[in-house]
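What follows is one structure encoded as structure tokens, with my remarks underneath.
The values are calculated or read from the model by the stated rules, or taken from the named source; none is laboratory data. In this text, all values refer to a predicted model and were calculated from it rather than measured experimentally. Here Cβ is always computed from backbone atoms with ideal geometry, including for glycine, and neighbour counts include all displayed protein chains. Side chains are part of the model used for accessible areas, which takes the heavy atoms of the whole protein and leaves out ligands, DNA and RNA. Shrake-Rupley method; radii C 1.70, N 1.55, O 1.52, S 1.80 Å.
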Amino acid sequence: VANMAGERETPLLLSFLDNLAPATDKSLPSQELIDACHDIQKKRLDEDGKPDSRYIIPVVSGMKREQLVDKLPEFVRGSDDIFKASLRRMAERLGRYILLFRDEPDPTESTLRGMSSCEQMVYLHRLDFHAVGIPQKRYLDVIRLCLEDDEVFNDRVVQAALDHMSGKFLEGESLPLAYMRTIILTCSKHESLHSWICHVLLPRLVEGSVYTDKRQWEGWMRCAKMLENTRDHGVSSLEAIQKLPEEQLKMYRAKYPQK
């Protein structure tokens, strides 16, 4: 069918593939269908001469998470509609895991399938956009698109993803480039997370010496400033600010004098 379909028949072919994918939570697309979609994708290139990611969206829920991480740059390069459709299909059978970053049962073998909303946020932040030829603006834009989608990436999902990445930071991993930017955007969007950011996240980042990374430190100070004078609402970042080492506290107060 795919070989016979021309450009005019593309919507029909995509609909056909979509209908072949199981519609129930308990059934995953078969490996045979996944392989077939990959074969079609290789033969049907997009306008830039690259494999068209639309042809594998119907089966992403059945693909291994490890494979989806490798495919993520393809979806990020696509249009906003293609990008959002891919994320929706990756997570469609993982409703009960929406707030979890799952660990592989056996670290030596990749078995997890699909990608939860929490995992999507984490992997998007970790994306090495320079290495895969994606402009930094696009990298930041797709994260913003997620944050704007309240129905999927609500306050609890964003909190779970930020919490996971900050925990890995304490274990020695670097914070992703967009990390503090996401926290700042979250401060503006989700007042429900202000208390957690002030009393858990900001102190945790101080514990991990966030101030040794100039970009992240600038973001930390900006975020702390946003929440420092919000005590009228019962929340303030002042306690986190006071946990700074003396030198960094002086730097903060030089930039943001206390009123």
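Here are V59, V69: which of them is closer than 28 Å to D150 by Cβ, within 17 Å of the chain's Cα centre (by Cα) and part of a helix (DSSP H, G or I)? Even if it seems obvious, please write down each step before you answer.
On the way: V59 fails: within 17 Å of the chain's Cα centre (by Cα).
Only one candidate qualifies: V69.
Tell me which residues, restricted to segment 226-244, are open to solvent by 10 Å² or more (accessible area, probe 1.4 Å), in contact with a helix residue (DSSP H, G or I) (Cβ under 8 Å, 6 or more places away or on another chain) and not in a loop (DSSP other than H, G, I, E, B).
Within segment 226-244, M226, R231, H233, L238, E239 qualify.
Return the pairs, sorted by first residue and then second, in which the second residue is surrounded by fewer than 16 Cβ atoms within 10 Å (Cβ to Cβ) and not charged (D, E, K, R), the first residue lies in segment 59-70 and is touching a residue at least 40 places away in the same chain (Cβ under 8 Å), the beta carbons are less than 6 Å apart, and the residues are 6+ apart or on different chains.
As it stands, the answer is K64/S110; E66/S110, since those pairs meet every condition given.
Yes or no: segment 140-152 includes at least one residue that is β-branched (V, I, T), free of Cβ contacts under 8 Å to residues at least 40 places away in the same chain, assigned to a helix (DSSP H, G or I) and surrounded by 14 or more Cβ atoms within 10 Å (Cβ to Cβ). Talk me through it step by step, then tell me what you get.
Keep residues of segment 140-152 that are β-branched (V, I, T), which gives 142-143, 152.
Restricting the remaining residues to those that are free of Cβ contacts under 8 Å to residues at least 40 places away in the same chain gives 143.
So of that shortlist, the ones also assigned to a helix (DSSP H, G or I) come out as 143.
Going one step further and asking which of them are surrounded by 14 or more Cβ atoms within 10 Å (Cβ to Cβ), we end up with 143.
Yes, segment 140-152 has at least one match.
Conditions (1) aromatic (F, W, Y); (2) farther than 12 Å from W220 by Cα; (3) surrounded by 17 or more Cβ atoms within 10 Å (Cβ to Cβ), marked per residue:
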site: R156; (1), (2), (3): no, yes, no
site: S166; (1), (2), (3): no, yes, yes
site: S174; (1), (2), (3): no, yes, no
site: M180; (1), (2), (3): no, no, yes
site: L205; (1), (2), (3): no, no, yes
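Is it the case that segment 113-127 has a residue that's farther than 24 Å from L177 by Cβ, open to solvent by less than 70 Å² (accessible area, probe 1.4 Å) and touching a helix residue (DSSP H, G or I) at 6+ places or on another chain (Cβ under 8 Å)?
Here is the first cut: in segment 113-127, the ones farther than 24 Å from L177 by Cβ are 113-114.
With open to solvent by less than 70 Å² (accessible area, probe 1.4 Å) added as a condition, the list becomes 114.
Next cut, touching a helix residue (DSSP H, G or I) at 6+ places or on another chain (Cβ under 8 Å) only: 114.
Within segment 113-127, one or more residues are farther than 24 Å from L177 by Cβ, open to solvent by less than 70 Å² (accessible area, probe 1.4 Å) and touching a helix residue (DSSP H, G or I) at 6+ places or on another chain (Cβ under 8 Å).
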